[in-house]
Amino acid sequence: MKILYFAWLRSKIGVPAETIDLPAEVATAGDLVEWLKTRSPRHAEALANSKVVKVAVNQEHVPYDHPITATDEVALFPPVTGG
């Protein structure tokens, strides 16, 4: 699975993207965010307040209970505001 990080998530984690082998216990976007927190201290810090992290799967915004598969592209990003 390819994971993309945007804005301050990218800065805190230290990479713009990574490819992972999806663990069997990760079935939803929310499961993925929780699992990513265990990958490193940088992931844990960046995703500590996961309530503000938004998720897109295959370029579509989705809720945390959206199912994911190993072939999906998942993007994680902070809320965006316009002016």
Scanning the stretch 11-57 residue by residue, the ones that are closer than 15 Å to Phe77 by Cβ, touching a residue at least 24 places away in the same chain (Cβ under 8 Å) and part of a loop (DSSP other than H, G, I, E, B) total 2
Among the residues of the stretch 58-83, count how many are under 11 Å from the mean Cα position of the chain (by Cα), assigned to a loop (DSSP other than H, G, I, E, B) and within 18 Å of Trp8 (Cβ to Cβ).
1
Can you pull out the residues in the stretch 1-10 that are in a strand (DSSP E or B) and not β-branched (Val, Ile, Thr)?
Lys2, Leu4, Tyr5
When only residues in the stretch 63-83 that are modelled with pLDDT of 95 or more and among the polar types (S, T, N, Q) count, which is farthest from Asp31 (Cα to Cα)?
Thr71
The correct count of residues that are of a type in the set (S, T, N, Q) and within 10 Å of the chain's Cα centre (by Cα) in the stretch 43-57 is 1
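The values are calculated or read from the model by the stated rules, or taken from the named source; none is laboratory data. As the structure is a prediction and not an experimental result, all values here were calculated from the model. Note that we place each Cβ from the backbone using ideal geometry, even for glycine, and neighbour counts take in every protein chain shown.
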